[in-house]
Amino acid sequence: MLSREDNALLTRVGAGTPMGEMMREYWLPVVRSARLEADGAPERVRVLGEDFVAFRASDGRVGFVDEACPHRCASMALGRNEENGLRCIFHGWKVDVEGRVVDCPTEPEERRARFAEMVPTRRYRVHEAGGLVWVYIGQRSEPPAFPAFEFTALPVENVAPLRGLIKCNWLQALEAALDSAHVGFLHARGGKAPQRGTEVHRTESAFMRDKKDPKFEFEVMPYGFKEAAIRDLSDGNCYTRIRQVVLPFFSLIPRFPGDWRLVLASVPIDDENSIQWYIRYDAEKPIDEAFFRKFGTDSGDPDYFNSDMGDVTTMWGQDRQAMKEGHWSGIVGRQNAYEDFIVQESMGRIVDRSREYLGAADVVISLARRLLLQAVRKHQEDGTVPFITDDVDFGRVRSVSVTYPQGENWRGIDAFNPPELEWTRQPAA
Amino acid sequence: MRAEDNEYLTRIGPGTPMGALMRCYWLPVAKSSELEAGGAPVRMRILGENLLGFRTPEGAVGLIDHRCKHRCASLAYGRNEEGGIRCIYHGWKFDVTGQCIDMPSEPDESEFSARVRIPAAAVIEKFGLVWAYLGSQRPAPPFPLFDLDQVPEDQIEITFLHRACNWLQGLEGDIDTVHVGFLHLGGIDAQNFEKGSTNYYRQSNLTPHYEAIDTPYGAISSAYRPAGEGQLYHRVAQILFPSFTMAPQDPLGYVKLRCWLPLDDENSMLVIIDGPRPPTQAVDKEGKKLPGFFGDGDMLPHDGGWLGRYRLKQCLANNHMQSRELMKTLNYSGIMGGRVQDQAVVESMGPIADRTYETLGSSDRMIARTRRRLLKAARELAEQGASPPGAADASLYRSIRSGFITLPETTDWLAIFNEKRREWHGGPVADLERTR
């Protein structure tokens, strides 16, 4: 539960709001690199309530500029992308990838160049890594620390970023990513609860369905926290999901050591809309991007994979008959992300957290809110940038699922070199 | 421009200063043909008010608040009967002036009904259009004929187009003649046109000089550039209070008029009223139509809603059907049709453009002047009750026309305009003058 005031403090992200100003201290992943084609269509990008246009220039560099033309505010998304810049179709003014005005053909020739130089524009920084275009839209002249996660250093064929778009506030998206207690319920599908600990069902989802009330332990870190969800198994071992949360956006989903890995990022589009990135990668080999693009969705659209999700007017296509026949959620034939998105949207655009009633399974949610509230207040007070700093080696921040004998401590486990029971490497059933 | 000024200029709902200014004038709100005698009433949002246009079986036209004065049920569902419209809820009936003329649910109806009246606009039908005055002055102010009575009525061509943005954005496109060389004709070399033709001169010089002059009804401007030996090519445009323009699309003197009718703060209707026109200018020297001028957009059927008339399929949601392919191979904007191109850029600015963000250049002089003029008039009306330009004197709109003309460098374009004006007028008429 949060007071109305704290809820507003955490959820409002427009320019000038405390959380909005804190988020403007970070690099934000906004669009897939592959989406931008040299001299191709510019892409409209709204982030933190402001409207921009991303484009790839003739020489391959990515430009990120205000959507409104500096002249009379026509959209640069309609612009001509040519000769290393974006030219407004209204009066032909042109900006380069850095946002500088480089041509004003409506001005008399003799003072055109000087006039162009004088046009005030905002400039933004762009960084491409991990198949994503990251932007910095804050005020500082020096760009902030880049969170160089493991996937950002891999060859592009090892990374498959997919973008989901949700019609609700970013914190709902982040909280769903953090909440591992829902997995055994919301994503239970139609299957009966599997037998505990048998050979065939030693999969992560089987463990999670089987034991729906794990014990949670936390360790607060400079960048956020680590969470361990510990489930005792009948064979004397425990199954523990150690998750890394890098605030304010990133949740690294635990998976068994040899598997491909998954990073979620919840980036605010505006107060009432969010991007939820699903960044899958394999540290050792190329990943089958085409498979994930079609996995549990009909859209095939990597930039809006849930575009066929529907909305409240059709109850997101929930199938009541399937529910009678044993399907838990009635969201049939879809990947888990759909179920997550649907419950988040069902709370309303910005959920009123003064109405909630939190229990034992929600400790992680409370912790994240507490850390965010502390951080945003401190930032408001003295400008301290929390969480993502040069002091952390994000390349070594990884989540992992492990099994080990009950009674041992998870805190010492190195996600890059975890203890390994023999069967944990078996392929999923 | 300051954010407060932008608000002041753009908002036109009841109770706003610019809304009050708009309510001093006659505005074209519908084609006469939209209202069928005894037919379905038409929902229209005008100046932020939800109104109902209807034509009684006898042919009288009304434009009234859509809510029945009894219990607010919408008269859009009403029965269009002899003498007026009858609410289907309890049978109250109202004539075209909004007066209640029948109240069958009341025992002592005659006395009661006389005191019940729905707010109604004053309405005139003229030139195939329904014109409305939404102010409170009665009798309504004099009706400006412009020069539309100077051309045969059956040759007047009327076009309505919805724009999903504030009225001022649309209007500013009309008085910004420089965009034509980019948005509409970008990339077309002057050599494609007949040497000496107007398009030739326009495309050879995309940075004309500007002179804009205040007039009693609004402002007049000329954008001029060299047109060969000792000659200047002038494009003369008009802005007429509160939101009429005359763009220089044809040789100087043709009768034409455009109105940017505010539907609400974020929607407007472009009403184009054209008299007989010379053959189209949108061709090259081989007589071929210019690329990108094909088509006028795809008109959607009216959907019966408050903002459901004259909308195009081309809209922000589909990027106005811009084609990146055509942009490389056919035309500058990748958008088909001059009107759709205009629509795309003004709608792309957002519902109300943030004028604190812009950077005006030397070609935006007429725009800056128009804004100042409108602001001043709205302030003087709000603060001193001063009647805004032209509102009380319809004769000011007489013999005002636009167009292009080529003149010797040494000739004063305004003097020529005044001379022509006397000609159109068929007698003496006050000259337009440069002040300060």
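The values are calculated or read from the model by the stated rules, or taken from the named source; none is laboratory data. Since this is a predicted model, take the numbers as computed values, not measurements. Ideal geometry is used to build each Cβ from the backbone, glycine not excepted, and the neighbour counts take in all protein chains shown.
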Query raised in the report: From the residues in the range A:141-171 that are outside any strand (DSSP E or B) and among the β-branched types (Val, Ile, Thr), which one is farthest from A:His127 (Cα to Cα)?
Result: A:Val156
Requested in this report: Find all pairs meeting these conditions: Cβ atoms under 6 angstrom apart; at least six residues apart or on different chains; first residue within the range B:396-408 and polar (S, T, N, Q); second residue crowded, with 19+ Cβ neighbours inside 10 Å and assigned to a strand (DSSP E or B).
Outcome: B:Ser402/B:Val236; B:Ser402/B:Ala237; B:Ser402/B:Gln238; B:Ser402/B:Met246; B:Thr406/B:Tyr233
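Every residue, every condition in (1) modelled with pLDDT under 95; (2) within 27 Å of B:Val178 (Cα to Cα), yes or no:
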residue: B:Leu374; (1), (2): no, yes
residue: B:Ala382; (1), (2): no, no
residue: B:Tyr397; (1), (2): no, yes
residue: B:Trp413; (1), (2): no, yes
residue: B:Ile416; (1), (2): no, yes
residue: B:Arg421; (1), (2): no, yes
residue: B:Val429; (1), (2): yes, no
Report summary line: Residue hits (the range B:360-391; within 13 Å of chain A (Cβ to nearest Cβ) and over 21 Å from the mean Cα position of the chain (by Cα)) are B:Leu360, B:Gly361, B:Ser362, B:Ser363
Report task. Report yes if B:Ile46 is of a type in the set (Val, Ile, Thr), at pLDDT 95 or above and out of contact with any helix residue (DSSP H, G or I) (no Cβ under 7 Å at 6 or more places or on another chain), otherwise no. Result -> yes
Report summary line: By residue number, the members of the range A:128-174 that are under 30 Å from A:Glu284 (Cα atoms) and among the acidic types (Asp, Glu) are A:Glu128, A:Glu150, A:Glu157
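Here is a yes/no grid of residues against (1) of a type in the set (Lys, Arg); (2) in a loop (DSSP other than H, G, I, E, B):
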| site | (1), (2) |
| --- | --- |
| B:Arg225 | yes, no |
| B:Gly228 | no, yes |
| B:Leu232 | no, no |
| B:Thr245 | no, no |
| B:Tyr254 | no, yes |
| B:Pro262 | no, no |
| B:Ile272 | no, no |
| B:Arg277 | yes, yes |
Query raised in the report: Out of the range A:301-316, which residues are more than 19 Å from the chain's Cα centre (by Cα), more than 12 Å from A:Phe341 (Cβ to Cβ) and not aliphatic (A, V, I, L, M)?
Result: A:Thr313, A:Thr314
Query - Residue in the range B:142-152 that is surrounded by 16 or more Cβ atoms within 10 Å (Cβ to Cβ), within 14 Å of another protein chain (Cβ to nearest Cβ), in a loop (DSSP other than H, G, I, E, B) and not small (Gly, Ala, Ser) present - result: no
Report task. Looking only at the range B:365-376, decide whether some residue is in the same structural domain as B:Tyr210 (by TED's automatic domain parsing), touching a His at 6+ places or on another chain (Cβ under 7 Å) and closer than 29 Å to B:Arg138 by Cβ. Result -> no
Report task. Could you list, in sequence order, all residues of the range B:309-330 that are closer than 23 Å to A:Ala68 by Cβ and either within 10 Å of chain A (Cβ to nearest Cβ) or buried (at least 18 other Cβ atoms within 10 Å of the Cβ) (or both)? Result -> B:Leu312, B:Gln314, B:Cys315, B:Leu316, B:Asn319, B:His320, B:Met321, B:Gln322, B:Ser323, B:Arg324, B:Met327
Query - Failed item in (1) touching a Ser or Thr at 6+ places or on another chain (Cβ under 8 Å); (2) surrounded by fewer than 17 Cβ atoms within 10 Å (Cβ to Cβ), with B:Asn166 passing the rest - result: (2)
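Every residue, every condition in (1) closer than 21 Å to B:Ile12 by Cα; (2) of a type in the set (A, V, I, L, M, F, W, C), yes or no:
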site: B:Ile273; (1), (2): no, yes
site: B:Val283; (1), (2): no, yes
site: B:Asp296; (1), (2): no, no
site: B:Leu300; (1), (2): no, yes
site: B:Gly308; (1), (2): yes, no
site: B:Cys315; (1), (2): no, yes
site: B:His320; (1), (2): no, no
Requested in this report: Go through B:Gly297, B:Gly304, B:Gly334 for me and flag whichever is touching a helix residue (DSSP H, G or I) at 6+ places or on another chain (Cβ under 7 Å), away from every other protein chain (no Cβ under 14 Å) and of a type outside the set (Ser, Thr, Tyr).
Outcome: B:Gly297
Query raised in the report: Counting only residues that are in contact with a helix residue (DSSP H, G or I) (Cβ under 8 Å, 6 or more places away or on another chain) and of a type outside the set (A, V, I, L, M), how many does the range A:116-137 have?
Result: 3
Query raised in the report: over 27 Å from A:Val267 (Cα atoms), within 14 Å of chain B (Cβ to nearest Cβ) and of a type outside the set (Asp, Glu), is that true of A:Arg35?
Result: no
Query raised in the report: What about A:Gly16, is it surrounded by fewer than 23 Cβ atoms within 10 Å (Cβ to Cβ) and either part of a loop (DSSP other than H, G, I, E, B) or touching a residue at least 40 places away in the same chain (Cβ under 8 Å) (or both)?
Result: yes
Query - Residue that is within 21 Å of A:His187 (Cβ to Cβ), touching a Cys at 6+ places or on another chain (Cβ under 9 Å) and of a type outside the set (Gly, Ala, Ser), where the choices are A:Met347, A:Met309, A:Met323, A:Met315 - result: A:Met347
Query raised in the report: Looking at the range A:137-147, is at least one residue touching a residue at least 12 places away in the same chain (Cβ under 8 Å), out of contact with any Phe, Trp or Tyr (no Cβ under 6 Å at 6 or more places or on another chain) and of a type in the set (Val, Ile, Thr)?
Result: no
Query raised in the report: Residue check, B:Glu58 against (1) in contact with a strand residue (DSSP E or B) (Cβ under 6 Å, 6 or more places away or on another chain); (2) modelled with pLDDT of 95 or more; (3) over 23 Å from B:His302 (Cβ atoms), all met but one. Which one?
Result: (1)
Requested in this report: Sort out for me the strands (runs of 3 or more DSSP E) sitting completely within the range B:1-109 that have 2 or more residues that are β-branched (Val, Ile, Thr), touching a residue at least 12 places away in the same chain (Cβ under 8 Å) and out of contact with any Cys (no Cβ under 7 Å at 6 or more places or on another chain).
Outcome: B:42-46, B:61-65
Query raised in the report: When residues of the range B:277-313 are filtered for being hydrophobic (A, V, I, L, M, F, W, C) and modelled with pLDDT under 95, how many remain?
Result: 5
Query raised in the report: If you go through the range A:383-393 one residue at a time, do you hit one that is in the same structural domain as A:Ile230 (by TED's automatic domain parsing), in contact with a helix residue (DSSP H, G or I) (Cβ under 6 Å, 6 or more places away or on another chain) and assigned to a helix (DSSP H, G or I)?
Result: no
**Report entry** Qualifying residue in the range B:141-158 (condition: under 30 Å from B:Ile335 (Cβ atoms) and under 13 Å from the mean Cα position of the chain (by Cα))
**Finding:** yes
Report task. Among what's in the range A:38-53 and is in contact with a Gly (Cβ under 7 Å, 6 or more places away or on another chain) and crowded, with 18+ Cβ neighbours inside 10 Å, pick the residue that is farthest from the other protein chains (Cβ to nearest Cβ). Result -> A:Leu48
Report task. Hey, could you check the range B:186-222 for residues that are within 11 Å of chain A (Cβ to nearest Cβ) and either among the hydrophobic types (A, V, I, L, M, F, W, C) or without any contact (Cβ under 8 Å) to a residue 24 or more places away in the chain (or both) and say which is surrounded by the most Cβ atoms within 10 Å (Cβ to Cβ)? Result -> B:Leu206
